[in-house]
Amino acid sequence: MKTLLGLTVANLKGLTRDRAALFWTFFFPVMFVLLFGVLFSGSGDSSKITVGYVDLDQSAASAQVRADFALYAPILVLQDGSLDAEKAAMQNGDVSAVIVIPAGLGNVAGSTPGRPLAMTIYIDPSQSQTTQVVQGAVNGVAGGYSMAVATNGGAPALIVAQPQQLSSTNISTVTYLVPSILAMALMQLGVFAAVPLVQQREKGILKRMGATPLERWKLVASNILLRLIVAAADTVLIIGVGMAAFHIQIVGNLVLAAGFVFLGAGAFLALGFMLASFLKTEEQATGVVQVVQMPLMFLSGIFFPFNFMPDFMRSIARLLPLTYLGDGLRQSMVNAPQVAPLALDAAILGGWLVVCLAISARSFRWE
Amino acid sequence: MTQSGEPVIRVNDLKKHYGDVKAVDGVTFEVARGEVFGMLGPNGAGKTTTIEVLEGLRSPDSGTVEVFGLDVCKHPGSIKQRIGVQLQSVSLYPRLTVTELIDLFGSFFDHHVPTKQLIDAVDLGERAKAYSMNLSGGQQQRLSIALALVNDPDLVFLDEPTTGLDPQARRSLWDLVKGLQEKGKSVMLTTHYMEEAAELCDRVAIMDHGRILEMGTVPELIGRRFKERAVFFDTSPKLPSEKLAQLGGVTRASQEDGQTLLYSKDVPATIGALLAMADELDFQPHNLGIRQATLEDVFLDLTGRALRD
């Protein structure tokens, strides 16, 4: 155990003292977050929120309520429609929430107080700012309406807002991109691991270690441990920068997200090991690693929503493992719409991990 | 030199092929405890393959190879605890310091020498905090020796320890190896420098094309092939060579680059006859001297080619 830790620390020192490695590992992804964040956070009319409005009552009372929302016109834009249509619009990201005026509102106004009438609002908790605005407006209108009815001598009919969760795709571009950039960083972390490995073999370091009692599995384990530590650091850094600079909200299942971080790091590290098995010189390795990572980066649909891609690009992206890491991370971190079910994402990454490791185990040369 | 007990290395009919190339083709030798044993030969002779089999880095095709009486194929772990290894032209983690590297390698062994003590032993005190990539060639080689000694080994393998070093750095490495022997360690080294083998080794094996051609102490190797000693002096112009060959005791004579070389079975007779001839022909034999034949002469005689070509 002492040996394993010592070796990992030695490798970690080697990494942190190498400016080029530091750049690619930490600075490059952060630069991506900042660049994309600045590019996209200004886009769109963020000052107004479009909300679906469904009037099931269609009475004079409900018309009054509709009119009361005019107070919030500077921040809320209402889009009228049927319940199904508006819920679908929310899932597509066309509206940020849906407000439903229940049937029976007109009758309630004159009747004796019974149980309060529920005014359902569909919200996406991952959109906390939007949710707050919508809930605030609805509570304001509902409260105002109840007061007005009571003061006019009618029975104090209470209507209360009843929030329901509904996932929306209307997540900001930055929120979509941060898990994608994390996926990119994890991919690079793994694939780039081929370079120091080939370098250590070419320089005879691996052979020299072979002449000591150090077991080979410890050499492999320390390499994996090192990359997982860096993966964790990268995750914290990228998400931290995203949260601090662009207020992205991480709302998903953190345990699941952490699982995808390590599974993804592992799968691409296995790919890196496999590349190192077939490459002989350090120059070769630096070249091939770029040839592998560039198409992964740009064809995997991590920088633009999968649904926006043309058909042929989508078919390519479906073949690339980075597509599934990006998808898994986005689903588990920010509830983004799925490319594939989470289980399939995990299974494909796991498959890459196993196959690449098996090939490496067969083909890796220590000198 | 005291030699006692079991030999530390025992190799019997070792063979190792790479495809069609017979890198080692039936090699047999022993190294005694406390001995400095040298393998001398040109590049590609099979020295490195032999030493790497002994270090447990390669498995032999056939033959038996024992270190400390243990089969290297069956007990690589316990052998590696007790040997020190310096490989040919290995660089180390470039961005670790001398101290960190010695600490790291020490952690691979059950027992290890204190880092400070090793750094002092190889005289790297001033570079203890330097990255290995910033060391000079001689310093890197000394670090490499320090790493080979990190477990206080009983047997040290040095594969071409001074190749590429300047004469001063080579001298300082020789002193290190002599120090090892004084501490009772056994050393096996390979080299293609004759003077290095002659300076350091108790016994030498001359290797070429995967075979050991001759083995013994340096005087033995020379004595076996060269009974004559060489009488040499500067001459200009050239002397008649048939007259030189007829001088008393001379078996062979050559004149090159202004120097005359007479191999002689009877040096006093040769010198007497030479001085008489000088009188007669009226020339001065400047810088007259006598020397033994060298390992270079032996190698030339064995293989028909010079060692470094």
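How many residues, within segment A:190-216, are more than 14 Å from chain B (Cβ to nearest Cβ) and open to solvent by 10 Å² or more (accessible area, probe 1.4 Å)?
So the count comes out to 1.
Among the residues of segment B:202-223, is there at least one that is surrounded by 18 or more Cβ atoms within 10 Å (Cβ to Cβ), among the charged types (D, E, K, R) and at pLDDT below 90?
No, segment B:202-223 contains no residue that is surrounded by 18 or more Cβ atoms within 10 Å (Cβ to Cβ), among the charged types (D, E, K, R) and at pLDDT below 90.
Given the criteria within 14 Å of chain B (Cβ to nearest Cβ), among the β-branched types (Val, Ile, Thr) and more than 30 Å from the chain's Cα centre (by Cα), does A:Val9 qualify? Break it down into steps so the answer makes sense when it comes.
Numbers: within 14 Å of chain B (Cβ to nearest Cβ): yes; among the β-branched types (Val, Ile, Thr): yes; more than 30 Å from the chain's Cα centre (by Cα): yes.
Against the criterion (within 14 Å of chain B (Cβ to nearest Cβ), among the β-branched types (Val, Ile, Thr) and more than 30 Å from the chain's Cα centre (by Cα)), A:Val9 qualifies.
With the requirement that a residue be surrounded by 20 or more Cβ atoms within 10 Å (Cβ to Cβ), at the interface with chain A (Cβ under 9 Å from one of its Cβ atoms), touching a Gly at 6+ places or on another chain (Cβ under 9 Å) and part of a helix (DSSP H, G or I), what does segment B:80-128 give you?
Passing the criteria: B:Lys80, B:Leu104.
Return a yes/no flag: does segment B:57-69 have any residue that is in contact with a Gly (Cβ under 8 Å, 6 or more places away or on another chain), open to solvent by 10 Å² or more (accessible area, probe 1.4 Å) and within 14 Å of chain A (Cβ to nearest Cβ).
Keep residues of segment B:57-69 that are in contact with a Gly (Cβ under 8 Å, 6 or more places away or on another chain), which gives B:57, B:63.
The next check asks that each one be open to solvent by 10 Å² or more (accessible area, probe 1.4 Å); those that pass are B:57, B:63.
Remaining after also requiring within 14 Å of chain A (Cβ to nearest Cβ): B:57.
Looking through segment B:57-69, at least one residue is in contact with a Gly (Cβ under 8 Å, 6 or more places away or on another chain), open to solvent by 10 Å² or more (accessible area, probe 1.4 Å) and within 14 Å of chain A (Cβ to nearest Cβ).
Do you know which of the residues in segment A:41-75 that are part of a strand (DSSP E or B) and at pLDDT below 85 is least open to solvent (accessible area, probe 1.4 Å)?
A:Ile49
Given the conditions (1) surrounded by fewer than 16 Cβ atoms within 10 Å (Cβ to Cβ); (2) of a type in the set (Phe, Trp, Tyr); (3) away from chain B (no Cβ under 14 Å), report the number of the one that A:Phe246 does not fulfil.
Here A:Phe246 clears every test but (1).
Could you tell me whether any residue of segment A:306-323 is closer than 26 Å to A:Ala270 by Cβ and of a type in the set (Asp, Glu)?
Checking segment A:306-323: not a single residue is closer than 26 Å to A:Ala270 by Cβ and of a type in the set (Asp, Glu).
Which of the residues spanning segment B:81-92 are farther than 23 Å from B:Lys15 by Cβ, under 23 Å from the mean Cα position of the chain (by Cα) and of a type outside the set (Ser, Thr, Tyr)?
As a first pass, look at segment B:81-92 and keep what is farther than 23 Å from B:Lys15 by Cβ: B:81-82, B:84, B:86, B:89-92.
From the residues that got through so far, the ones that are under 23 Å from the mean Cα position of the chain (by Cα) too are B:82, B:84, B:86, B:89-91.
Hits for segment B:81-92 are B:Arg82, B:Gly84, B:Gln86, B:Val90.
So which of B:Leu244, B:Leu261, B:Leu239, B:Leu302 is surrounded by 13 or more Cβ atoms within 10 Å (Cβ to Cβ), modelled with pLDDT under 85 and in a helix (DSSP H, G or I)?
Among B:Leu244, B:Leu261, B:Leu239, B:Leu302, only B:Leu302 is surrounded by 13 or more Cβ atoms within 10 Å (Cβ to Cβ), modelled with pLDDT under 85 and in a helix (DSSP H, G or I).
A quick yes/no check of all residues on (1) touching a residue at least 12 places away in the same chain (Cβ under 8 Å); (2) assigned by TED's automatic domain parsing to the domain that holds B:Ala197:
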{"position": "B:Gly216", "(1), (2)": "yes, yes"}
{"position": "B:Asp234", "(1), (2)": "yes, no"}
{"position": "B:Ala253", "(1), (2)": "yes, no"}
{"position": "B:Val267", "(1), (2)": "yes, no"}
{"position": "B:Asp279", "(1), (2)": "no, no"}
{"position": "B:Asp282", "(1), (2)": "no, no"}
{"position": "B:Asp297", "(1), (2)": "yes, no"}
{"position": "B:Leu302", "(1), (2)": "yes, no"}
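The values are calculated or read from the model by the stated rules, or taken from the named source; none is laboratory data. Everything numeric in this text was worked out from a predicted model, so none of it was measured. We place every Cβ from the backbone using ideal geometry, glycine too, and count neighbours over all the protein chains shown. In case anyone asks, the SASA skips ligands and DNA or RNA and just uses the protein heavy atoms, side chains included. Shrake-Rupley method; radii C 1.70, N 1.55, O 1.52, S 1.80 Å.
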